[in-house]
Amino acid sequence: MKTVEKNYDVIVYDSNNITIEGETDAEGNKLTTLNGKLHVKTTGAVIKNLHLNNSTDTAVRIQGKDITIDSCLVTGYNAFYMCYTSADATIKNSTIIGEVNGVHFDGSKDGNVIIDNCDISGWCAFAATLNCITITNSRFTESETYNGINFYGKAKVSNTHFNEKMGIYFGLN
């Protein structure tokens, strides 16, 4: 297993259409772990097959356009937090475990957030300034600390399970 033993913050910017892909074994288990923060500030980045972990802060912060997170395990005090996008952000085939925040797009303008085939725990919130949040084929599991999701704007949800302890809130829009 390839594991970064120290905490590192990795910032990806001005690298349009970059792919960062970790190795997997024959069963699809992630062999590459990044302990620290991944901050994506570019256009067209694909992050795939990584375990992104930060037990004391945010594991992933997105401030780019057209970002795809695919087949990742994201664990942290905040899994995805302080995410701002002005174009599509897609999270698919991933497990997201946030002690506090699971997926939090709190200041995004325009763009869409697409979540497909994910297991998510922790508080989730999506800004009213997004065009739309689309969640399909996903599951929101119970968190030890926070169980809630805020939709402040337009949302489309299908074939998705919310745990019975989860509060679901809809904003004014």
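The values are calculated or read from the model by the stated rules, or taken from the named source; none is laboratory data. Here the structure is a predicted model, which is why all the values come from computation and not from measurement. Backbone-built Cβ (ideal geometry, glycine too); neighbour counts: all protein chains shown. Quick note on the areas: whole protein, heavy atoms, side chains included, nothing else; ligands and nucleic acids left out. Shrake-Rupley method; radii C 1.70, N 1.55, O 1.52, S 1.80 Å.
For every residue, the table says whether it meets (1) open to solvent by less than 10 Å² (accessible area, probe 1.4 Å); (2) in contact with a Phe, Trp or Tyr (Cβ under 8 Å, 6 or more places away or on another chain); (3) of a type in the set (Lys, Arg).
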{"residue": "123", "(1), (2), (3)": "no, yes, no"}
{"residue": "126", "(1), (2), (3)": "yes, yes, no"}
{"residue": "136", "(1), (2), (3)": "no, no, no"}
{"residue": "141", "(1), (2), (3)": "no, no, no"}
{"residue": "144", "(1), (2), (3)": "no, no, no"}
{"residue": "153", "(1), (2), (3)": "no, yes, no"}
{"residue": "158", "(1), (2), (3)": "no, no, no"}
{"residue": "162", "(1), (2), (3)": "no, yes, no"}
{"residue": "167", "(1), (2), (3)": "no, no, no"}
Exercise for the section: Consider residue 21 carefully, then state whether it is open to solvent by 30 Å² or more (accessible area, probe 1.4 Å) and either without any contact (Cβ under 8 Å) to a residue 40 or more places away in the chain or on the phi > 0 side of the Ramachandran plot (or both). Expected result: yes
Exercise for the section: Determine whether residue 118 is of a type outside the set (Lys, Arg) and out of contact with any Ser or Thr (no Cβ under 6 Å at 6 or more places or on another chain). Expected result: no
Fill in the blank from the handout: The lone condition residue 50 fails out of (1) closer than 22 Å to residue 148 by Cβ; (2) modelled with pLDDT under 95 is (1)
